[in-house]
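The values are calculated or read from the model by the stated rules, or taken from the named source; none is laboratory data. Because the structure is predicted, anything quoted here is derived from the model rather than measured. As a convention, Cβ positions derive from the backbone with ideal geometry for all residues, glycine included, and neighbour counts pool all protein chains shown.
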Amino acid sequence: MLYGKNKQGTVVHAANASKDCNYYCPLCCQKLMLKRGKCKCAHFAHHEINCTYKEESYVHYQAKYRWANL
């Protein structure tokens, strides 16, 4: 997932996210972890496997790729 919401509800791209902040899924509101490495682009992942959107719905797909093609 490329976007997450911070504590204030602002949507933040993973590339601009800070390791010191908490981020939440814009769809299910569960806490996310920021993954940023040398080989893959920055992205968010769920801590919990039981997200109601683990099967990628059209809405989830839009949330992930909405801004990627700008």
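For region 35-53, what are the residues that are assigned to a loop (DSSP other than H, G, I, E, B) and not β-branched (V, I, T)? Let's see the steps before the verdict.
Keep residues of region 35-53 that are assigned to a loop (DSSP other than H, G, I, E, B), which gives 36-42, 47-53.
Scanning region 35-53 gives R36, G37, K38, C39, K40, C41, A42, H47, E48, N50, C51, Y53.
For region 14-34, which residues satisfy the criterion of being among the small types (G, A, S), surrounded by 13 or more Cβ atoms within 10 Å (Cβ to Cβ) and outside any loop (DSSP other than H, G, I, E, B)?
Within region 14-34, the first condition is being among the small types (G, A, S), and the residues that meet it are 14-15, 17-18.
Subset that is surrounded by 13 or more Cβ atoms within 10 Å (Cβ to Cβ): 14, 17.
Within region 14-34, A14 is the sole residue that qualifies.
Here's the yes/no breakdown for (1) of a type in the set (G, A, S); (2) at pLDDT below 80:
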{"residue": "N6", "(1), (2)": "no, no"}
{"residue": "A14", "(1), (2)": "yes, no"}
{"residue": "A17", "(1), (2)": "yes, no"}
{"residue": "N22", "(1), (2)": "no, no"}
{"residue": "Q30", "(1), (2)": "no, no"}
{"residue": "E48", "(1), (2)": "no, yes"}
{"residue": "S57", "(1), (2)": "yes, yes"}
{"residue": "A63", "(1), (2)": "yes, yes"}
Those residues that are more than 8 Å from the chain's Cα centre (by Cα) and not in a strand (DSSP E or B), I need them from region 1-13; list them, please. N6, K7, Q8, G9, T10
